[in-house]
Amino acid sequence: MRILACLLTLLSFPLAAQNLMSAEEFDAYTKGKTLFYGNSGQAYGAEIYHENRRVEWSFLDGECKSGAWYESNGLICFTYENNPTPQCWSFIKGPNGLIARFENRPDTTELYEAKEGDQEMLCLGPKVGV
């Protein structure tokens, strides 16, 4: 009975927590790349990872948001020009690329790396006019 209780306790902890990418690993993996992310088989967005932990994010709608990332309590947190509230993610390296879980609301969003972009992410620029 004790063995069963120990096994159930171990299973209640996410296995991914044991393999979270550190800030150094995340930076080494992403720097200089454009990564496309998917969710439930659908395109979700793309992010360009620049030097000095600077990023540009797009929901693939032509609008791009500049931001930065940093490590906080083992998570990778992003802030963007239009939203200074940190958006913190846990990242693991799966067999087919990154797997990201939105830790602000972990039950809502899990993304996977769909592909490394071989084309540029489209950013149309600011909207002008009335």
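Brief remarks follow.
- Among the GluC sites (Glu not before Pro) found in the range 80-111, those both in a DSSP coil and sparsely packed, with 15 or fewer other Cβ atoms within 10 Å of their Cβ, are Glu81.
- Take the convex hull of the alpha carbons in the range 33-89; its mean projected area over all directions comes to 4.4 nm².
- HN-Hα J in Hz across the range 92-99 - Karplus 6.51, -1.76, 1.60, θ = phi - 60°, x for Gly and Pro: 10, 9, x, x, 10, x, 6, 10
- A simple count of charges around Ile76, restricted to other residues whose Cβ falls under 15 Å of its Cβ and scoring Lys, Arg +1 and Asp, Glu -1, yields -2.
Just so you know, all these numbers are worked out from the coordinates, no wet-lab data involved. Note that the structure is a prediction, hence the values are computed from the model and not measured. Here Cβ is always computed from backbone atoms with ideal geometry, including for glycine, and neighbour counts include all displayed protein chains.
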